[in-house]
Each structure stands twice: as structure tokens, then as C-alpha cells.
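In what follows, a single structure is set out as C-alpha cells and then discussed.
We did not get these values from a lab; they are worked out from the coordinates using the rules stated. Keep in mind the model is a prediction, meaning the values are calculated, not measured. All Cβ positions, glycine included, derive from the backbone under ideal geometry; neighbour counts span all protein chains shown.
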Amino acid sequence: MTEQERVIKDVITFAERNEEERMFDNVKSYINKIKRQRDNLRIELKKYQSNEKIAELENEIERLRVSSVFILNEKERKEEIKFKKEHREKCDSGIYHFFEATDLGIAVDVKCRECGVDKDITDYSAW
Ligand SMILES: [Zn+2]
């Protein structure tokens with residue numbers, strides 16, 4: 001091997017090594033980028049899951065608040081919603097609740113504030 005050939009060989013080896021290192025660095029930075037994305041997604045997922053949990057709890061609180069204020073059971077609640085829905089087609093007004101405590105239980109009527117239409121929504125099966 002001549003001196004010139006040796007120099008050329010060294011230059012090629014050097015260039016190849018540099019190329020490998022550059023490729024390796026690229027792969028490394030790509031992996032790091034993926035890792036960062038993964039970590040960010042984990043944080044997002046946690047946030048999303050806790051948001052979902054909060055929404056779920058808020059719904060539960062709202063449900064408890066509504067049923068405790070009106071002392072309605074599930075069946076009465078459904079009747080109340082049905083009345084509101086059906087009546088909204090005629091007039092768009094709020095409704096009153098009338099409670100009557102009897103020896104057997106609490107009777108409940110709903111009545112439109114505007115036109116006075118009322119309905120007994122008591123669940124007598126619970127009496
Ligand atoms: Zn009405």
C-alpha cells in the first residue's frame with residue numbers, strides 16, 4: 001500500500017465512522033423525542049382521566065343535590081322530567097312543586113307557573 005493509498009483509506013474510514021456516529025446521534029435524538037412525546041402523552045392522559053373523574057363526581061353531586069332538594073325518588077324524578085318535557089311544548093315556563101306530608105308518605109304534585117296545569121307525580125307504589 002502506498003502512502004497515498006493509506007491516506008485515502010484513513011480518510012474513508014474516518015468519514016465512515018463520522019457517518020455512523022451521525023446516524024447514531026440521529027437515532028438517539030429521535031428516540032429521545034419519542035420518549036418526550038410519550039411522557040407528555042402520559043401527563044395528558046392523567047389530566048384527561050382526572051377531568052373525566054371530576055365530571056363524573058360533579059354529575060353525582062348534582063344528582064344528589066336535585067334529589068335531596070325535591071325529595072323525589074327515581075320514578076317521581078322521571079315523571080317530573082316527563083311533565084317538564086311534555087309541557088314545554090305548550091308553554092316554556094317553570095314549574096312549582098307541591099308537597100303534602102301524609103301518614104303514608106309525601107305526595108308530590110308539579111304545577112306550571114304560567115298556565116296552572118298540574119300533575120300528581122307521586123310514586124304510590126313506594127307507600
Ligand atoms: Zn304551562
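Structural remarks
- Note on residue 54 and residue 104: the extension gain reaches 14.1 nm, defined as 0.36 nm multiplied by sequence separation minus the Cα-Cα distance.
- Whole-Hz couplings from phi, Karplus 6.51/-1.76/1.60, listed for the range 39-56; x for Gly and Pro: 5, 5, 5, 4, 5, 4, 4, 4, 4, 4, 5, 6, 4, 5, 5, 4, 4, 4
- Prolate/oblate/rounded label for the range 74-127 (Cα gyration tensor, a/c 1.5): oblate
- Relative contact order computed over the chain (Cα-Cα under 8 Å; 6+ residues apart), in percent: 13
- In a reduced charge model with +1 at each Lys and Arg Cβ and -1 at each Asp and Glu Cβ, the chain shows a dipole moment near 320 debye about its Cα centre.
- Farthest towards the positive end of the charge dipole of the chain, among the residues 94, 41, 1, is the Cα of 1, using unit charges on the Cβ of Lys, Arg, Asp and Glu.
- Full extension of the segment from residue 7 to residue 82, taken as 0.36 nm per residue of separation minus the current Cα-Cα distance, would add 17.8 nm.
- Dipole magnitude for the range 74-127: about 280 debye, using +1 per Lys or Arg Cβ and -1 per Asp or Glu Cβ, origin at the Cα centre.
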